[in-house]
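A short reminder: the numbers here are calculations on the coordinates, not readings from a lab. The structure displayed is predicted, hence computed values, not measured ones. Heads up, the Cβs are rebuilt from the backbone with ideal geometry, glycines too, and the neighbour counts pull from every protein chain shown.
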Amino acid sequence: MKIEVIDINSPHLDTVKRLGKENASTLGFLPEGAFDERAKEKQILVALNDNDQCIGYLLYRVVNRQAKIAHLCIDKSNRNSGAGQKLVDYLKTKTDDLLGISLKCRRDYEDATKLWERCRLIPITESRGRGKTPSILVHWWFDHGHPTLFDINLEENNKDRIDVVVDANVFFDFDNPSRIGYEESNALKADWLEDSLNICVVDELYQEINHSQDADIRTLSREKASQYRKLSCKKNQAEFIYKEIKKFYSKDDTKLSDRDKSDIRQVAEAISGDAQYFITRDANLLKEKISDEMFNRFGLKIMRPADLIIQIDEIRREREYQPARLSGTEIKIALVKSGQEEKFTRIFQQQESKTSFQNRLRAYLSDLKYYVCRQVVDEHNNSLALFVYRKSDNDYFEVPLFRVQKNKLSPTLARHLIIEAIHNSITEDKTFIKITDSFINPEVKAGLVEEGFIETEKGWTKFHLNTVSTRKEISKQLAQITVETEKQRNFLNNLSDILDKEYFELNAEIFADIEKSLYPIKISDSLLPCFIIPIQPQWAKELFDEDLANQGLFGAKRDLALRKEQVYYRSKLNSGGLKAPARILWYVSQGKTNYVDVGAIRACSLVDEVIVEKPKIIFNLFKRLGIYEWKDVYETAKKDINNEIMAIKFSHTQLFSNPVKRERIEKITEENNHGLQLFSPYNITQEVFIEIYKEGIIKTK
């Protein structure tokens with residue numbers, strides 16, 4: 001017997017799909033496209049007998065640096081062959097650079113329980129399953145024992161679910177094998193998705209239940225509906241949205257059936273309840289024209305159950321950050337003036353008393369020598385956020401007040417403001433930023449965790465070093481930083497040990513994590529590949545270069561420097577071996593316009609992901625970022641929807657204060673016995689990257 005990793009072209013993939021379908025009652029149904037997606041990612045292992053026949057498979061995905069097993073299936077005639085353990089053992093070897101292996105399995109599956117025990121997985125928690133038959137799910141875990149940048153709390157990860165609203169059809173599909181959509185819809189309740197999805201329903205579902213003429217069915221359906229979270233919606237807003245969608249759905253109201261109206265009302269209630277995902281099998285709602293309008297106007301993605309499952313990992317990454325939602329909203333940051341305490345109390349007071357909140361705010365407003373009070377307002381002068389910076393001579397940049405009003409924009413707005421605070425701290429050359437507000441709401445908290453802040457008894461802290469040094473030198477610097485709490489000290493000691501100890505085998509992913517954690521630090525002897533990528537000035541100014549944008553007639557966009565991540569599209573040809581993670585230097589070409597300081601490297605970024613796909617798939621993956629329109633992507637594909645293009649997703653962009661001109665780039669590469677071409681992504685050495693980077697960040701007088 002042998003174990004192999006298969007891909008989309010493997011002759012064994014059909015056998016895997018057959019086994020999955022035959023055993024769906026215990027494994028949980030998985031759409032065919034999900035098998036294909038995992039095969040593309042090379043996340044399916046197969047067990048082959050001596051005749052090279054597939055007798056079993058293991059399917060997994062990688063989430064939060066964990067290998068999560070979704071399926072482990074052995075053909076009935078080979079279940080005593082040891083194939084299951086061999087598959088798990090192979091997965092341990094293949095994923096030993098990750099934190100560990102995770103899965104959830106029903107407690108009453110005795111044979112599976114014995115297998116997990118033999119494979120030395122540990123049962124760490126239990127929870128109640130959501131399947132047709134009540135069951136207990138056991139969370140099994142295998143730890144690879146790596147030092148980590150941050151403490152991993154598995155139970156917190158389990159709470160990190162995506163809220164999805166299912167329509168009435170999908171709900172009635174659940175647990176009803178006689179319905180056409182049973183397999184696809186019921187797959188949403190698979191045990192392996194239990195810690196990823198939070199299934200929600202809306203009020204209109206209960207109206208649909210009431211239409212049944214069978215009292216027993218009505219009773220049973222209401223009982224099942226009560227198992228899911230009912231989304232709270234704002235009735236007046238839902239009614240307004242309902243009327244707006246009806247106009248778009250059909251100009252002639254008389255042509256809408258009662259079923260159409262119910263479908264529209266469910267969408268309207270989902271939008272007014274701040275949902276981001278609406279799951280349906282309704283062909284009309286899924287039409288591209290309608291689904292695009294719902295996303296562009298209301299930020300709601302309408303998807304089939306199968307598509308949600310196939311794209312689950314991308315959705316987990318994107319759901320809290322959608323700059324496209326800010327498109328068309330003229331938000332601005334303004335100073336806070338005295339006399340507005342009552343207004344801010346109504347909007348931003350949390351668990352503290354009204355008196356306590358107002359006294360704090362008045363204290364900040366009356367001491368402008370040490371405090372800067374700002375708010376975010378929309379085009380109607382409505383306050384969306386309130387935050388305060390404290391000026392100090394210490395090594396830290398303090399934010400004693402950070403409030404964001406809860407609405408559809410709040411997750412993205414919170415991340416924008418967190419990034420601005422980090423940039424301000426770096427600009428003031430502080431060693432770390434701390435947010436000491438005792439009343440952080442969930443949207444802000446999620447953003448802080450995502451940006452690498454650590455929570456202590458004194459608030460939320462993020463460290464940053466504006467230095468270029470070797471891993472050994474940085475290790476010493478981290479050990480010498482003065483901190484306030486033991487948790488901060490432990491965090492820095494952990495990083496210091498990772499960089500210092502010879503026994504710890506570093507790889508490009510770990511170096512990227514460290515450079516993100518301590519941004520804008522650059523480790524001069526890292527294992528990160530480095531590239532120069534040419535970009536035209538009109539795209540540089542749209543994506544990251546506020547200085548170029550300021551040279552334009554209308555100046556820079558307010559949110560340009562605050563964007564957490566971006567994507568750049570180019571031809572897949574001549575990619576120079578570009579892959580993620582990597583560092584990139586942006587060479588902004590002369591272009592056809594009269595920009596100053598172009599024909600130079602003007603910024604650097606970290607590459608988070610490189611995807612080669614057809615243009616429509618690429619566009620749908622990244623349209624949430626809100627820079628490119630379909631026509632831009634279509635033109636990149638040379639107006640051929642079957643012509644694959646490359647998407648480079650990047651983050652942690654640092655603009656150079658001293659752009660490095662082409663002549664100087666040529667001299668640096670020549671001195672390092674390095675060639676140079678500036679027409680496509682070009683791989684350079686660490687030495688060349690560091691020398692160009694150092695020149696770029698030198699502040700000229």
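Structure notes:
- The peptide list 226-232, 464-470, put in order of mean Cβ contacts within 10 Å with the highest first, becomes 464-470, 226-232.
- For the chain, DSSP calls about 75 percent of its internal beta bridges antiparallel.
- Taking the C-alpha atoms of region 579-680, convex hull volume expressed per residue in Å³: 137
- With the simple spin-label model, which puts each label point 7 Å out from Cα in the Cβ direction, the ASP500 to GLU457 separation comes to 2.6 nm.
- Shown for LYS289, LYS638: other C-beta atoms within 10 Å of each C-beta, ranked fewest to most, produce the order LYS289, LYS638.
- Per residue convex hull volume, Cα atoms of the chain, in Å³: 196
- The equivalent ellipsoid that matches the C-alpha gyration tensor of region 61-118 spans semi-axes of 21, 14, 9 angstrom, in descending order.
- The reciprocal of the average 1/r between distinct C-alpha atoms defines the Kirkwood hydrodynamic radius, which for region 162-319 equals 16.0 Å.
- Sorting ILE312, ILE523 by the number of Cβ atoms found within 10 Å of their own Cβ, with the fewest placed first, yields ILE312, ILE523.
- Across the chain, Cα pairs under 8 Å and at least six residues apart give a relative contact order of 7 percent.
- Estimated dipole of the chain in Debye, rounded to 20 [Cβ of Lys and Arg +1, of Asp and Glu -1, Cα centre]: 1280
- All aspartates and glutamates inside 13 Å of LYS369 as judged from Cα atoms, apart from same-chain residues fewer than 8 positions distant: ASP393
- Paramagnetic reach from GLN480 in region 659-693 [backbone N under 19 Å; point 7 Å along Cα→Cβ]: none
- Which of TRP141, TRP539, TRP192 has the fewest Cβ neighbours within 10 Å, and the rest in rising order: TRP141, TRP539, TRP192
- Each distinct pair of alpha carbons in region 2-146 adds a 1/r term; the inverse of their mean, the Kirkwood radius, is 15.5 Å.
- Proximal lysines relative to LYS255, as straight alpha-carbon distance under 23 Å, when same-chain residues fewer than 8 apart are discounted: LYS243, LYS246, LYS247, LYS287, LYS289
- Region 498-541 and region 614-631 have Cα centres lying 26 Å from one another.
- Shown here for region 15-47: GluC sites (Glu not before Pro) in loop regions (DSSP other than H, G, I, E, B) with at most 16 other Cβ atoms within 10 Å, namely GLU41.
- Projected label points at LYS391 and PHE240, each 7 Å from Cα along the beta carbon direction, are separated by 4.1 nanometres.
- Cα-derived Rg over Rh, computed across region 332-463 with Rh taken as Kirkwood radius: 0.93
- Beta bridges by DSSP in region 1-128, antiparallel share as percent, to the nearest 5: 85
- Comparing Cα centroids, region 98-119 and region 61-89 end up 9 angstrom apart.
- The separation of region 376-397 from region 194-230, counted between C-alpha centres, amounts to 43 Å.
- All C-alpha to C-alpha distances of region 160-236, sorted into 5 Å bins beginning at zero, yield P(r) values of 3, 15, 24, 25, 19, 9, 4, 1 percent in whole numbers.
- Normalised by 2.2 N^0.38 Å, where N counts its residues, the alpha-carbon radius of gyration of region 468-523 equals 1.07.
- Reach of LYS94 by Cα under 24 Å, taken over lysines that are not fewer than 8 positions away in the same chain: LYS2, LYS17, LYS40, LYS42, LYS68, LYS86, LYS104, LYS114, LYS501, LYS579
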